[in-house]
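Here is the structure we will look at, set down as C-alpha cells.
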Amino acid sequence: MIFFIWKEEYLTNISELDSQHQKLVLLINNLYADLVKCQDVSQKQAFVVNALKELIDYGCYHFEAEEKLMLKYGYSGYAHHKEEHERFKLQIAQFLKEQSEGSRILSFPVLVFVKDWLVSHVIETDKQYGPYLSARI
Ligand SMILES: [Fe+2]
Ligand SMILES: [Fe+2]
C-alpha cells in the first residue's frame, strides 16, 4: 500500500521542481514502507531519525532551488514563501532535537505531519509561482 499518492494537481509545471517534489514524496513513502514491516521500536526510531535527516537534507536542497529561481526572476511572493520553508526546517530540527534529548519520535504523527505539510505547501504556496516562473524560464 502506498501512503502518499502523487497527484497531477501537485504539478507546478517547472519540471526540475516537480521532480524534486516527487523525490520528497518517495522519501516519505520509503519511511512508511520501512515502518510497516518493522516490529522493533528502536529500529522504527532509527528509521524515523534517518528519514528526517534525509528529508531535511533533500528538503534544503529543494528549497534552495526554488528560492534561487524566485529571486532570479523577481517573484514577489519570495519572502513569505521562504518563511514557510524555514518553519518546516525548524519543525524537523525540533523533532530531531527532542529525540536526541531522549524523547521518542511518534512515527505515525510525524509521517502525517510531513505528508500534510508537503501537500498544503505545494498546493497553496509552490503552485503560485508556477505560471510566473514558467513564463520566464
Ligand atoms: Fe517545493
Ligand atoms: Fe516551496
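Couple of notes before you dig in:
- Span-rule helices in the chain, defined as complete DSSP H runs reaching 15 Å or more along the axis (Cα) with Kyte mean at least -0.5: 15-36, 41-72, 107-121
- Computed per residue of the chain from DSSP H runs no shorter than four, each worth -39500 (n - 2.57), the mean residue ellipticity at 222 nm is -25000 deg cm²/dmol.
- Full extension of the chain between Gln39 and His80 gives 10.7 nm of extra length, using 0.36 nm per residue less the Cα-Cα distance.
- Contact order normalised by residue count of the chain, Cα under 8 Å, 6+ apart, percent: 38
- The chain: most fluctuating residue of Val112, Val49, Val25 per GNM, C-alpha cutoff 10 Å: Val112
- Near-label residues of segment 112-137 by backbone N, under 20 Å of a point 7 Å along Cα→Cβ of Gln94: 112-122
- Taking Glu54, Glu66, Glu86 in turn, the Gaussian network model of the chain (Cα-Cα springs below 10 Å) assigns the largest fluctuation to Glu86.
- GNM on the chain, alpha-carbon springs under 10 angstrom: the most fluctuating residue among Lys127, Lys72, Lys82 is Lys72.
- Remark: the chain carries a charge dipole of roughly 100 debye about the Cα centre, counting +1 on each Lys and Arg Cβ and -1 on each Asp and Glu Cβ.
- For the pair Gln128 and Val112, label points projected 7 Å from Cα toward Cβ lie 2.7 nm apart.
FYI, it's all coordinate maths here, none of it is from the lab. Remember, it's a predicted structure, so these values are computed and weren't measured experimentally. All Cβ positions, even for glycine, are placed from backbone atoms using ideal geometry, and neighbour counts span all protein chains on display.
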